[in-house]
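Report on the structure given below.
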Amino acid sequence: MSEGGLGAVLWDLDGTVVDSEPSWFLAETTLVEGAGGSWSTEQAIGLIGSDLNHTAQVMRDNGVAGTNEQIIDALMDIVIANVVATEPWKAGIVDALTACRDAGLPNVLVTMSWRRYSEQIPKLLPGLWAVVLSGDDVKIGKPDPEIYLVACAKVGLPPARCVAVEDSPTGIASALAAGVPTVAIPNIAPVPAQPGLSRVASARELTIDVLRRIQAGETIDTLGGVKGDVTGDVTGDVTGDVTGDVTGDVTGDVTGDGSL
């Protein structure tokens, strides 16, 4: 622990703050199937937490035409429409963000999603965010530590005085590589126990006391024998033309087993 104690909390977006992974899965499936291909849950899980330029290249490898920017825009059209329409916040997240703000701890959004999407979050949850960092703000995406190092610099703190909250192995690797004490809330991708990584079932467990203990060097793992093996259906619904207008109507159906 650095002297001074906990100074800020750094939050991943997709799968941590908002339950948007089903929308991403749907968007990827829509583009690939529209190009005549097929897209599996396993392929979608493999992209969780990735840089969107990497996602666009994978889409292209699966037959989707267009530049990276065109593909990313098409994906984000679907995701933004669904998130704005449904506001699917993860359990306990609004209370946790509010508690951090009220304790004088800046909440920093640290996401690989691009700003056109991430800037919607402070509009939907106003007054809770000190800094928003997006994938198009950095040169190298997660699991590289760049975005977490930039986040710490933005709030003027060394990494050891912050705590990162992540849901995926890719994001966890990024935060740990930056030297930020990290707590995982496993979502779709399994997060096995590992030395120095805290794990909890939901943001309801992230009290200010727990966050301070994690920053101080304590490993808190309330999942025990679960070892991050998250199971359940991954479902997401939205309709619309991915190259034009996208609505938030919940009428589609993409389902997959989220376990590995």
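Would you be able to say whether some residue in segment 51-65 is in contact (Cβ under 8 Å) with a residue 60 or more places away in the chain, under 28 Å from Pro106 (Cα atoms) and either not assigned by TED's automatic domain parsing to the domain that holds Lys123 or not β-branched (Val, Ile, Thr) (or both)? The answer is yes, given that some residue of segment 51-65 is in contact (Cβ under 8 Å) with a residue 60 or more places away in the chain, under 28 Å from Pro106 (Cα atoms) and either not assigned by TED's automatic domain parsing to the domain that holds Lys123 or not β-branched (Val, Ile, Thr) (or both).
For the structure I just gave you, tell me whether Asn107 is of a type in the set (S, T, N, Q) and closer than 15 Å to Glu28 by Cβ. Here the answer is no, as Asn107 does not meet what is asked.
Within segment 184-224, the set of residues being surrounded by 17 or more Cβ atoms within 10 Å (Cβ to Cβ), among the polar types (S, T, N, Q) and part of a loop (DSSP other than H, G, I, E, B) comprises just one member, Asn187. So in segment 205-223, with the set limited to residues that are in contact with a strand residue (DSSP E or B) (Cβ under 9 Å, 6 or more places away or on another chain) and of a type in the set (A, V, I, L, M, F, W, C), which one is farthest from Pro106 (Cα to Cα)? So the residue we want is Leu223.
Can you tell me which residues in segment 1-58 are in a loop (DSSP other than H, G, I, E, B), under 23 Å from Gly196 (Cα atoms) and among the hydrophobic types (A, V, I, L, M, F, W, C)? Hits for segment 1-58 are Met1, Leu6, Leu13, Val17, Ile48.
Here the condition is being out of contact with any Asp or Glu (no Cβ under 7 Å at 6 or more places or on another chain) and under 26 Å from Ser202 (Cα atoms); of Gly37, Gly49, Gly66, it holds for Gly49 alone.
With the requirement that a residue be surrounded by fewer than 24 Cβ atoms within 10 Å (Cβ to Cβ), within 21 Å of Trp114 (Cβ to Cβ) and in contact with a strand residue (DSSP E or B) (Cβ under 7 Å, 6 or more places away or on another chain), what does segment 153-183 give you? Scanning segment 153-183 gives a single hit, Lys154.
One line per residue, one yes/no per condition, for (1) at pLDDT below 95; (2) polar (S, T, N, Q); (3) under 19 Å from the mean Cα position of the chain (by Cα):
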{"position": "Arg161", "(1), (2), (3)": "no, no, no"}
{"position": "Ala175", "(1), (2), (3)": "no, no, yes"}
{"position": "Ser202", "(1), (2), (3)": "no, yes, yes"}
{"position": "Glu205", "(1), (2), (3)": "no, no, yes"}
{"position": "Ile208", "(1), (2), (3)": "no, no, no"}
{"position": "Ile214", "(1), (2), (3)": "no, no, no"}
{"position": "Ile220", "(1), (2), (3)": "no, no, no"}
{"position": "Gly228", "(1), (2), (3)": "yes, no, yes"}
{"position": "Val234", "(1), (2), (3)": "yes, no, yes"}
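Suppose the filter is within 15 Å of the chain's Cα centre (by Cα) and surrounded by 21 or more Cβ atoms within 10 Å (Cβ to Cβ); does Leu105 pass it? No: the conditions fail for Leu105. Sub-7 Å Cβ pairs linking a first residue in segment 120-135 that is at pLDDT below 95 to a second residue that is of a type in the set (S, T, N, Q), at least 6 apart or interchain, are Gly135/Thr111; Gly135/Ser113, ordered by first then second residue. Of all the listed residues (Ala85, Ala44, Ala91, Ala35), the sole one being surrounded by fewer than 20 Cβ atoms within 10 Å (Cβ to Cβ) and either within 18 Å of Asp12 (Cβ to Cβ) or among the charged types (D, E, K, R) (or both) is Ala91.
The values are calculated or read from the model by the stated rules, or taken from the named source; none is laboratory data. In this text the structure is predicted, and so the values were computed from the model without any measurement. Cβ atoms come from the backbone with ideal geometry, glycine included; neighbour counts cover every protein chain shown.
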